[in-house]
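Report on one structure; see the data block that follows.
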Amino acid sequence: MSVNIAEAARQAELSIDTIRYYDRLGILGALPRTAGGARTFTDGDVGWLRILRCLRNTGMSMADLRRFVAIDGDIEPGQRRALLEAHRASVLERLERTRQELEVIDGKIAAYRRLELDGTPPVVEADELREMVQARSAVHQ
């Protein structure tokens, strides 16, 4: 069964503009069209859109996304796998940085809770300051 672009966008959790952009770039393949020229999407097309959304939402660049799409996964699965493994490593690095930054935020929340409860002012310890600087520099790399 096929759906129109609005329904495909809803199912894939993408904007219609994003789907049109991907189509202009050629990363959706040859989409069937109605007699009036409107794009139609199969379940498989919507599944592909979800994969593309996942890769973009996890920080894959458009250049890498285009490389991913250009590789025929049936003919060269190793190349696609290698690209996905590199992307996965990048996602894990960002997750670790985010986890470290969350620890700093949790520490600040605890400090302000103490201030509210007993008036103890938040103090930035040397270790905490060092962690904040490291977290900030890691984000800006």
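Bear in mind these aren't lab numbers, they're just calculated from the coordinates by the rules spelled out. Note that the structure is predicted; figures quoted are calculated from it, not measured.
Percent relative contact order of the range 1-70, based on C-alpha pairs within less than 8 angstrom and at least six residues apart? Kindly include the intermediate steps, with their values, before the conclusion.
Numbers: 57 pairs, mean separation 25.7, N = 70.
The value is 37 percent.
In whole Hz, what ³J(HN,Hα) sequence does the range 71-78 give by Karplus (6.51, -1.76, 1.60; θ = phi - 60°), x for Gly and Pro?
Each residue's phi maps through the Karplus curve to give 7, 7, x, 6, 8, 10, x, x Hz.
Pick the calculated Cα extents along the principal axes in Å for this structure from [x] 72, 34, 21; [y] 41, 38, 31; [z] 147, 38, 27?
Recomputing Cα extents along the principal axes in Å here picks out [x].
Using θ = phi - 60° and the Karplus relation 6.51 cos²θ - 1.76 cosθ + 1.60, list the HN-Hα couplings for the range 112-121 in order, rounded to whole Hz, with x at every Gly or Pro.
6, 5, 4, 4, 5, 6, 10, x, 5, x
Taking θ as phi - 60°, what are the ³J(HN,Hα) couplings along the range 58-64 by the Karplus curve (6.51, -1.76, 1.60), each to the nearest whole Hz, with x for Gly and Pro?
9, x, 5, 5, 5, 4, 5
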